[in-house]
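Nothing in this text is a laboratory measurement; each read-out follows from the coordinates by a stated rule. Treat the numbers as computed from the prediction; the structure is a model and nothing was measured. Cβ coordinates were reconstructed from backbone atoms using ideal geometry, including for glycine residues, and neighbour counts include every protein chain displayed.
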Amino acid sequence: MNNFYPVNDYGPLMPGLVMAGVAIVHVFLAQFAVGGGLLLCYFQWLAMTGRSETARIFVNGYFRILVLISFVLGALTGVGIWFTSIQVSAPTIGQMVFNFHWVWATEWTFFCLEVVAGYCFYRYHTQLSDRTNLTLLILYAFAAWMSLFWINGILSWQLTPGDWLASRSLIDGFLNPGFWPSLLFRTIVCMTLASLIGCIVVNVIPSLDRTQRQELINRAAHLMIPMLAMPVLGVWYLLTMPDDSRGWVLGGSPAMMLFFMISVGASLAIGSYALIGLWMQKLYINGATATLLLFMAFGATAGGEFVREGSRKPYTIRHVMYSNGIRPDEVADLRIRGCVTDDPYPVVHEKDLPNDTVTVGAKVFRKQCAVCHTIDGSNAVVHLTASWDEDQMRMNIAKLQQTKPFMPPFAGTAQELESLVQYILWVESGRPSSWAQGMNPETVSQISRWLDEAGTEPAEARSIR
């Protein structure tokens, strides 16, 4: 069944870009919250066993930062992800909730435990014994990591659903091929972020002298040592990816490969500094250098999230749903009855559109293109098609999955495709007040033949045969 959902128009910003901005910030903050709990447990243990006299000062100061970032900013961006993702791709979120509602409910209970344990420590730690405080921090760290555990299963399922495609089993979907390398890799990222922020916090605690700061920094650096395993986990994760997705990352898509190399390069620089400088040479790191490394870690996180999202194309859920929210098994039917025939929502500035043909084209654009493109803003269709003449535009869109294999097949009638072409040409011409209304029957017939030649399957499915 083809459903329609109201969507926001972000003007020159494509909706996917808005969602990505919110998601990257939230992922960064959430991973810090997980790693922060592990780092606090370590430093609380150092303090209570007498291994570090200054660790207690660090615990008190660091937890205030953790509460501010994870409980406040993390919670706000978490709500922001739900809001923007529903605005951008309601069908995708609906499918994820439908299949994993109990997993999400379980994750929510661990989030509640995380908040309660964290608040109890924040409010009462000065009145409690060291052992009780460590217990609270262990509860906090465990609950935060379990939140990562449950969410990781859902996110990795989008790219590597594995046996779930045949069994529809919750276990098969959750423990998918990409689950373990992704979980272990993210855990190491969490520890690294917590360590880098720890180095910044140490530098702003006024009661510490340089010797005490250096000791705490070198202790915090212990959590960065697992970065040595990142290359192995990264290769493992790449091997679990479908062949075409791995191809995008390793050169098939220049943009994706660029972000992949940014992520790898930043991680390598941070890991090398941690291993050689902080671990082997016991160097002191000031606040400015620690902040620079943290920004590099943010860049690595952003690059990694871009690659994770982009490598799923042309799907948002592999073999289940295309990036525009249309299911693969709907395409053939939509080729007959149309993708916007029953669309009840007006398009933005519809009164400015010159005729019904252009209006239908605007609706087709919104249904099939607007998640990843704007009409003339960022990643604009008008710019991407600027070098095509009219017939080439018609053919390339009709054979879209062959024109660009990371695009889904066009899911509409020949008349709707011609309407989309007319809408693009109208915008390209400066949005004139009048525009030819009619459709050339020969043109529509040619488009229909191109659609039949392209078929209804994505490029990777056709290449297997």
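Please give me, ordered by residue number, the trypsin sites (Lys or Arg not before Pro) of segment 43-75 that lie in loop per DSSP and have at most 13 other Cβ atoms within 10 Å. Present the calculation step by step, with values, prior to reporting the outcome.
Details: sites: Arg51, Arg56, Arg64; in loops: Arg51.
Sites meeting the loop and neighbour criteria: Arg51.
Helix check for the chain. Which DSSP H runs span at least 30 Å along their own axis by Cα, with a mean Kyte-Doolittle hydropathy no less than 0.5?
Values: long enough: 15-48 (50 Å, 1.65); 75-124 (44 Å, 0.72); 130-159 (44 Å, 0.90); 179-204 (38 Å, 1.77); 287-310 (34 Å, 0.80).
Passing helices, by number: 15-48, 75-124, 130-159, 179-204, 287-310.
Report the Cα centroid-to-centroid distance between segment 423-447 and segment 14-78 in angstrom, as an integer.
First find each Cα centre; the distance between them is then 54 Å.
Can you find, among Ala300, Tyr140, Ile151, the residue sitting farthest towards the positive end of the charge dipole of the chain, where Lys and Arg contribute +1 and Asp and Glu -1 at Cβ?
Value: Tyr140.
Note the direction-averaged projected area, equal to a quarter of the hull surface, for the Cα convex hull of segment 188-235, in nm². Walk me through the numbers on the way to the answer.
Values: hull surface 12.6 nm².
Convex hull of Cα atoms, orientation-averaged projection: 3.2 nm².
Scaled to the compact-protein estimate 2.2 N^0.38 Å, what is the alpha-carbon radius of gyration of segment 15-322, rounded to two decimal places? If you can, show how the numbers build up before the last one.
Details: Rg = 19.7 Å, N = 308, 2.2 N^0.38 = 19.4 Å.
Dividing the Cα radius of gyration by 2.2 N^0.38 Å gives 1.02.
Taking the Cβ of each residue in Thr301, Thr289, Thr187 as the centre, tally the other Cβ atoms inside 10 Å and list the residues starting with the fewest. Numbers along the way, then the final one.
Numbers: Thr301 23, Thr289 16, Thr187 20.
Going from sparsest to densest Cβ surroundings: Thr289, Thr187, Thr301.
Over the chain, what relative contact order in percent results from Cα pairs under 8 Å that are six or more residues apart? Intermediate values should be presented prior to the final figure.
Working: 626 pairs, mean separation 77.0, N = 465.
Worked out over the chain, it gives 17 percent.
To the nearest 20 Debye, how big is the dipole of the chain about its Cα centre, given +1 on the beta carbon of each Lys and Arg and -1 on that of each Asp and Glu? The partial results should precede the final answer.
On the way: 30 positive and 33 negative charges, 340 e Å.
Using Cβ point charges on Lys, Arg, Asp and Glu, the chain gives about 1640 debye.
Given Ile447, Pro458, Trp435, which one lies farthest toward the positive end of the charge dipole of segment 396-465, if we put +1 on the Cβ of every Lys and Arg and -1 on the Cβ of every Asp and Glu?
Selected residue: Pro458.
Calculated FRET efficiency, Asn379 and Ile65, Cβ-Cβ r, R0 35 Å, to nearest 0.05?
0.45
Nothing charged except the Cβ atoms of Lys and Arg (+1) and of Asp and Glu (-1): what's the magnitude of the dipole of segment 332-465 about its Cα centre? Round to the nearest 20 debye.
Details: 13 positive and 18 negative charges, 61 e Å.
It works out to roughly 300 debye.
Using the number of other C-beta atoms within 10 angstrom as an exposure proxy, rank Leu275, Leu46 with the fewest first.
On the way: Leu275 16, Leu46 20.
Listed from fewest to most nearby Cβ atoms, that is Leu275, Leu46.
Sorted from largest down, give the three principal axis spans of the alpha carbons of segment 44-135, whole angstrom values.
54, 23, 21
At each listed q (0.12, 0.20, 0.21 Å⁻¹), what is the log10 of I(q)/I(0) that the Debye formula gives for segment 286-408 modelled as equal alpha-carbon point scatterers?
For segment 286-408 at q = 0.12, 0.20, 0.21 Å⁻¹, log10 I(q)/I(0) is -0.60, -1.31, -1.40.
Over segment 330-464, what is the mean sequence separation of C-alpha contacts under 8 Å (at least six apart), divided by residue count, expressed as relative contact order in percent? Provide the component values of the computation, followed by the final result.
On the way: 166 pairs, mean separation 46.6, N = 135.
About 35 percent, as a whole number.
How do Trp82, Trp150, Trp157, Trp180 rank when sorted from fewest to most other Cβ atoms within 10 Å of their own Cβ?
Values: Trp82 11, Trp150 20, Trp157 26, Trp180 16.
So the residues, fewest neighbours to most, are Trp82, Trp180, Trp150, Trp157.
Compute the normalised compactness of segment 170-286: alpha-carbon radius of gyration over 2.2 N^0.38 Å, N being the residue count. Display every interim value, and only then the final one.
Numbers: Rg = 17.6 Å, N = 117, 2.2 N^0.38 = 13.4 Å.
Computed over Cα atoms of segment 170-286, the ratio equals 1.31.
At 4 °C and a viscosity of 1.567 mPa s, what translational diffusion coefficient does Stokes-Einstein give for segment 330-464, taking Rh as the Kirkwood radius over Cα pairs? Give it in µm²/s as a whole number.
Details: Rh = 15.0 Å.
Using the Kirkwood radius from Cα pairs, D works out to 86 µm²/s.
Lysine pairs in the chain 8 or more apart or on different chains: how many have alpha carbons under 29 angstrom apart?
Eligible lysine pairs with Cα atoms under 29 Å apart amount to 10.
From the residues Tyr42, Thr106, Thr92, which one has its Cα farthest along the dipole of segment 1-138 in the positive direction, the dipole being from +1 and -1 charges on Cβ of Lys/Arg and Asp/Glu about the Cα centre?
Tyr42
Check Met321: other-chain or 5+ apart residues with amide H under 5 Å from its amide H, H built from backbone geometry?
Counting only residues 5 or more places away or on other chains, the set is Thr316.
Hey, can you grab everything whose amide H is under 5 Å from the amide H of Thr374? Only 5+ residues off in sequence or another chain; H modelled, so Pro and N-termini drop out.
Excluding prolines and chain starts, which carry no amide H, the hits are Ala380, Val381.
Using helices alone, what [θ] at 222 nm do you get for the chain, with -39,500 (n - 2.57) per DSSP H run of 4 or more residues, divided over all residues and rounded to the nearest 500? Walk me through the numbers on the way to the answer.
Details: 20 runs with 303 residues, N = 465.
Only helices count here, giving -21500 deg cm²/dmol.
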